[in-house]
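Read the structure below first, then the notes.
The values are calculated or read from the model by the stated rules, or taken from the named source; none is laboratory data. Just so we're clear, the structure is a prediction, and the values are computed from it rather than from any experiment. Note: ideal-geometry Cβ built from the backbone for every residue, glycine included; neighbour counts use all protein chains shown. Ligands, DNA and RNA are stripped out before the accessible areas are found, and what is left, the full protein with its side chains, is counted by its heavy atoms. Shrake-Rupley method; radii C 1.70, N 1.55, O 1.52, S 1.80 Å.
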Number of protein chains: 2
Amino acid sequence: MKQDIDRLMTERDIDAIVVEGPDGLGSANPHFNYFVAGQKLVGTVIKKRGEPAMLIHSPWERKQAEETGLVLIGSDRWNRQEIAQQFPDRLMAAVEYRRRVFSDLGVTGRVGLYGTISAGSFLAVTSALAQHMPHIQFLGEFEQDIISMARLTKDADELDQLRDVGQKTCAVVQEVVDFIRSGRAQGNTLVNTNNTPMTIGDVRALIGRELAARGLEAPYDVIFAQGSDAGLPHAHGDDTAALQLGQSIVFDIYPRPRGGGYYHDMTRTFAIGYASPDLQQIYDDVLGAMEHVLDGLEVGAPTKAYQDETCTYLEARGHKTIGRTYPIDEGYIHSLGHGIGLDLHEDFAFPTFQDRGDRIVPGAVFTIEPGLYYPSRGMGVRIEDTIYCKPDGTFENLTPFPKTLVIPID
Amino acid sequence: MKQDIDRLMTERDIDAIVVEGPDGLGSANPHFNYFVAGQKLVGTVIKKRGEPAMLIHSPWERKQAEETGLVLIGSDRWNRQEIAQQFPDRLMAAVEYRRRVFSDLGVTGRVGLYGTISAGSFLAVTSALAQHMPHIQFLGEFEQDIISMARLTKDADELDQLRDVGQKTCAVVQEVVDFIRSGRAQGNTLVNTNNTPMTIGDVRALIGRELAARGLEAPYDVIFAQGSDAGLPHAHGDDTAALQLGQSIVFDIYPRPRGGGYYHDMTRTFAIGYASPDLQQIYDDVLGAMEHVLDGLEVGAPTKAYQDETCTYLEARGHKTIGRTYPIDEGYIHSLGHGIGLDLHEDFAFPTFQDRGDRIVPGAVFTIEPGLYYPSRGMGVRIEDTIYCKPDGTFENLTPFPKTLVIPID
């Protein structure tokens, strides 16, 4: 939570953090959005240790800036025209502007840099600024940075938003199930009431409408992958393909409120009408692994243990896993989950190889998503819920949706 | 255009370009999207001078990777597990992975870095990599970088997309005008047919539906700002406010196809029912400035000249402008336009201060958007079209929508 930031700055001996919120990145800057409460504006957040965070903002955007609750400083406090006259080289003018900001605001010492930016201009300005301000040491934290660590533990207000998007996402999935149930079999193909094949494109259009009706959007798209596509974890599915009975369908949906906010992430695997014994067995193994993990979740436990246990569980049922085989194309080939919040994949992992020391802590929100992939057999299965570790150390499943493979049709 | 990249690399003595496309940034990475044709995938584009661009991609995303037309290299060509065992420190493992990629692909010499990334991890990896690969000089181009210069000039396929989004955006604006015309006056307030006040929130909901119906989205929101809000260029408008007769309403809309693609950007200023002589005069001055610029556009001309001319035109009509007054709160307070394409604001400017040497070139697509802002008088006016400089040096207006201040109501 935000109140952890000063403690983390002290622990890591960081005197100030600078969070860049340049133009052109929309809502893809979760570190910046975490501070500005999703307001759409251009600016820079600067926080010195032990002091409230400041926002340098355009005077044109003072209305949005006032909504952030941060200490506000108009960017016109420093005279760009005068700087431009003194420094005809535009890079040098940009460096001088930033130098004046840091000097006037007393930014010095070890300064961490954060936020989503353009690599080229960032590297050019930071390199030049380091030469001109030798008393500042600019730092990039590789991962598990201060802001990620604060964002890992969600507060009550964040949970309200996470629960809401979870319920709405489940409602969209239910609409899809109902739509599929409205079809009927013609041979092995599912057809609409007017006898035309029901395609993945039809389903995707429905998903788009149902998301929009609930104020949600899917900036990373939606996976609705059938048969051998279901055997590739990131194949999004072929819109021209008709729905087929008996095929595995991996339906992975990860929306957020339109324009930005907290994500939900859930996956169900379906088979229309019936499932072959082979598919049913794979499904039961994944569901068994899922329940094994969910039943065993404990606050304070290392995440790596759950990844290892999942490999052990699935190896015991005859599947190759990334725990013992690498590279690996078939079987259990990925990690068990990830943190989720203002970004779909946050910096909290159930690692396949190196243990970073991630532990389940109160406030953490993360996915659990075991899967088995057999593209050579034309099938794949993944099941995924979003889970919250409550302040009391118990767990709340934010994905209230049943886990049933077969969607029966008339 | 893409074929300019090798020439620019030669001119700038750059041996290779590396375009980062990390996870978590969705469609907010236009430099990367320019190469991968909007495919949603994680990866890195590497192009050596005189050679085709390569895409390093996850094997799970080979379907999307195949759609890009790039030379494909699976990221599993380098063994992450072995690297993890050799380099227990995760930063060092990331650096070693990247070192192997660059070594094996022959990336050496002066290497430009591009793409939208997280500041912290980028700085950490790039600094460490520079130490471990002293034969590579990593460069950040501050602005007008190679890819921006290529993106500046659009080809026929890009123009088709730009025209399409322009026509659809105009259709949405027409729906809003029709909606306002469906209201009637109750005193100075516009009311719906059921006698409730028509609010900005009502208009915004309509805009959302009409954009969605045309497959568009507005990742940066939409400006619909009335009265004194219209006097702040970036105020988005108060959803709870009822529409008032006679007030200036700045309606600035800048959507793109859902999930990514080419933007359109247009602004109209409206007054419902009537306009005061004061508002009409300001409107006529802005419209006059707009027509003066559009009539005078010439291929090869420096963009700075149009910004200067606009200041001269508006000063002659009694307005303060950023050309002679700084800082400035009222009058003509911003620059005349910007490049537009895969990003809303591209790296092509009509500069207020420093002239970077931008000139109007065939293939350029840009906005022209003069405005006058008088928050103290409760009004503002902006008019904006998106313009294309055709290969023959003539101009095409991509915003086919009339410019009329007053929306008459019954």
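Whole-Hz ³J(HN,Hα) for each residue in region A:354-366, computed from phi via Karplus 6.51 cos²θ - 1.76 cosθ + 1.60 with θ = phi - 60°, x for glycine and proline: what do you get?
7, 8, 8, x, 4, 10, 6, 10, x, x, 6, 10, 8
Would you tell me the accessible area of B:V293, worked out with a 1.4 angstrom probe on the heavy atoms of the protein chains, in Å² to the nearest 10?
Ignoring ligands and nucleic acids, B:V293 comes out at about 0 Å².
For an R0 of 60 angstrom, estimate the FRET efficiency from the Cβ-Cβ distance between A:D284 and B:T193 and round to the nearest 0.05.
On the way: r = 58 Å, r/R0 = 0.96.
Step by step, r from the Cβ atoms, then E = 0.55.
Report A:D202's accessible area, 1.4 Å probe, all protein chains in place, as a number in Å² to the nearest 10.
Using a 1.4 Å probe on the heavy atoms, I get roughly 60 Å².
Can you pick out the pairs among A:K168/A:K403; B:K40/B:K390; A:K2/A:K390; A:K63/B:K403 whose Cα atoms lie more than 19 Å from each other?
With Cα atoms farther than 19 Å apart: B:K40/B:K390; A:K63/B:K403.
How far, in whole Å, is the closest Cβ of chain A from the axis that maps A onto B, and which residue does it belong to?
Rotation axis A onto B, closest Cβ, rounded to whole Å: A:A28, 2.
FRET efficiency for A:D329 and A:T10, Cβ-Cβ distance as r, R0 = 56 Å, nearest 0.05?
Values: r = 46 Å, r/R0 = 0.83.
Using R0 = 56 Å, I get an efficiency of 0.75.
By the gyration tensor of its Cα atoms, with a ≥ b ≥ c the square roots of the eigenvalues, what is the shape of region B:1-137: rounded for a/c under 1.5, prolate for a/b over b/c, or oblate? Each step should come with its number before you reach the end.
Details: a/c = 1.59, a/b = 1.17, b/c = 1.36.
Oblate shape, in that a/c is at least 1.5 and b/c is the bigger or equal ratio.
First obtain the Kirkwood hydrodynamic radius of the protein assembly as shown from its Cα pairs, then insert it into the Stokes-Einstein equation at 37 °C and 0.692 mPa s, and state the resulting D in µm² per second as a whole number. It would help to have the intermediate numbers written out before the result.
Details: Rh = 28.4 Å.
Stokes-Einstein gives a translational diffusion coefficient of 116 µm²/s.
To check you understand DSSP bridge types, tell me what percent of the beta bridges within chain B (both residues inside) are antiparallel, rounded to 5. Could the numbers behind the result be given before it?
Values: 45 of 62 bridges.
The answer is about 75 percent antiparallel.
Quick one: Kirkwood hydrodynamic radius for region B:361-410, alpha-carbon pairs, angstrom, one decimal?
Numbers: mean 1/r = 0.0756 Å⁻¹.
This gives a value of 13.2 Å.
Go ahead and estimate [θ] at 222 nm for chain A from helices alone: -39,500 (n - 2.57) per DSSP H run with n ≥ 4, summed, over the residue count, rounded to 500.
The helix contribution divided over chain A gives -10500 deg cm²/dmol.
What's the FRET efficiency of A:D178 with A:D239 using the Cβ-Cβ distance as r and R₀ = 25 Å, to the nearest 0.05? It would help to have the intermediate numbers written out before the result.
Details: r = 20 Å, r/R0 = 0.81.
For R0 = 25 Å, the calculated efficiency reads 0.80.
For chain A, set up a Gaussian network in which alpha carbons nearer than 10 Å are linked by springs, and say which option among A:G227, A:G331, A:G106 fluctuates the most.
Comparing A:G227, A:G331, A:G106 in the GNM, the peak value goes to A:G106.
Mind ranking A:E67, B:E369 by accessible surface for me, highest first, 1.4 Å probe?
Largest accessible area first, the residues go A:E67, B:E369.
Taking a probe of 1.4 Å and counting only protein heavy atoms, give the total accessible area buried between chains B and A in Å², rounded to the nearest 100.
Protein heavy atoms only, the B-A interface buries about 5400 Å².
Whole-Hz Karplus ³J(HN,Hα) for region A:263-273, in order, using 6.51 cos²θ - 1.76 cosθ + 1.60 and θ = phi - 60°, x for Gly and Pro?
So the J values, rounded to whole Hz, are 7, 10, 9, 9, 9, 10, 10, 10, 10, 8, x.
Before anything else, pin down the relative contact order of region B:30-171: Cα pairs under 8 Å, at least 6 apart, normalised by residue count, whole percent.
Computed value for region B:30-171: 18 percent relative contact order.
Among the DSSP beta bridges whose two residues both lie in the protein assembly as shown, what percent are antiparallel, rounded to the nearest 5?
The answer is about 75 percent antiparallel.
Report the paramagnetic label zone for A:Q131: residues of region A:60-103 whose backbone N is under 11 Å from a point 7 Å from Cα along the Cα-to-Cβ axis.
Backbone N within reach: A:92.
Between A:D410 and A:A156, what is the label-point separation in nm under the 7 Å Cα-to-beta-carbon projection?
Distance between label points: 4.8 nm.
Contour minus end-to-end for B:D295 and B:R356, with contour as 0.36 nm per residue of separation and end-to-end as the Cα-Cα distance?
19.6 nm
If you count, for every residue in A:57-64, the Cβ atoms of partner chains within 10 Å of its Cβ, what is the mean?
That works out to 5 on average.
Tell me, what is the percent relative contact order of region A:227-341, built from C-alpha pairs under 8 Å that lie six or more residues apart?
Averaging sequence separation for qualifying contacts and normalising by length gives 19 percent for region A:227-341.
Would you mind telling me which residue in A:A316, A:A218, A:A241 has the biggest mean-square fluctuation in a Gaussian network model of chain A, where springs connect alpha carbons within a distance under 10 angstrom?
Taking springs between Cα atoms under 10 Å, the residue moving most is A:A316.
Compute the label-point distances linking B:G300 to its equivalents in the other copies; points lie 7 Å from Cα along Cα→Cβ; give nm, one decimal, shortest first.
Computed spacing set for this position: 7.8 nm.
Could you state how much accessible area A:L287 has, in square angstrom rounded to the nearest 10, with a 1.4 Å probe and all protein chains kept in place?
Accessible surface of A:L287 is approximately 30 Å².
Would you mind telling me which residue in A:A225, A:A128, A:A271 has the biggest mean-square fluctuation in a Gaussian network model of chain A, where springs connect alpha carbons within a distance under 10 angstrom?
Judging by the Gaussian network model, the answer is A:A128.
Any idea what angle helix A:200-213 forms with the longest principal axis of chain A, computed on alpha-carbon atoms, 0 to 90 degrees, nearest 10?
Result, in degrees: 50.
Taking amide H positions as placed 1.01 Å from N in the peptide plane, with prolines and chain starts having none, which residues 5 or more places from B:L216, or on another chain, fall under 5 Å of its amide H?
Excluding prolines and chain starts, which carry no amide H, the hits are B:R258.
From the label point of B:A130, set 7 Å along Cα to the beta carbon, how far off in nm is each other copy's matching point, shortest first?
From this label point to the equivalent ones elsewhere in the assembly: 0.4 nm.
How far, in degrees from 0 to 90, does helix B:90-104 lean away from the longest principal axis of the Cα atoms of chain B, to the nearest 10?
Approximately 80 degrees, to the nearest ten.
With a 1.4 Å probe and every protein chain left in place, work out the accessible area per residue of region B:2-150 in Å², rounded to a whole number. Provide the component values of the computation, followed by the final result.
Working: 5970 Å² over 149 residues.
Spelled out: the 1.4 Å probe surface of region B:2-150, per residue, equals 40 Å².
Roughly to the nearest percent, how much of the accessible area of the protein assembly as shown is carbon and sulfur, given a 1.4 Å probe?
On the way: 14870 of 30640 Å².
Of the solvent-accessible surface of the protein assembly as shown, carbon and sulfur hold 49 percent.
5 Å is the cut-off here: which amide hydrogens, built 1.01 Å from N in the peptide plane, fall below it relative to A:V406, excluding neighbours closer than 5 in sequence?
For A:V406, whose amide H was placed from the backbone, the distant partners under 5 Å are A:A271.
On the first, second and third principal axes, largest extent first, how far apart are the outermost C-alpha atoms of region B:153-407 in Å?
Dimensions of region B:153-407 along the principal axes of its Cα atoms: 54, 43, 26 Å.
For chain B, calculate the relative contact order in percent as a whole number, restricting contacts to Cα pairs under 8 Å that are 6 or more residues apart.
Contact order relative to length: 15 percent.
I need the inter-copy label distances for A:D329: point set 7 Å along Cα to C-beta, values in nm with one decimal, smallest first.
6.8
Treating each Cα of region A:270-330 as an identical point scatterer and ignoring solvent, apply the Debye formula and state log10 I(q)/I(0) at q = 0.14, 0.15, 0.16, 0.20 Å⁻¹.
Per q value, in the given order, log10 I(q)/I(0) is -0.48, -0.54, -0.61, -0.85.
Along region A:118-126, what does the Karplus equation 6.51 cos²θ - 1.76 cosθ + 1.60 (θ = phi - 60°) give for ³J(HN,Hα), rounded to whole Hz, x for Gly and Pro?
Calculated HN-Hα couplings, in order: 8, 4, x, 5, 4, 5, 5, 5, 5 Hz.
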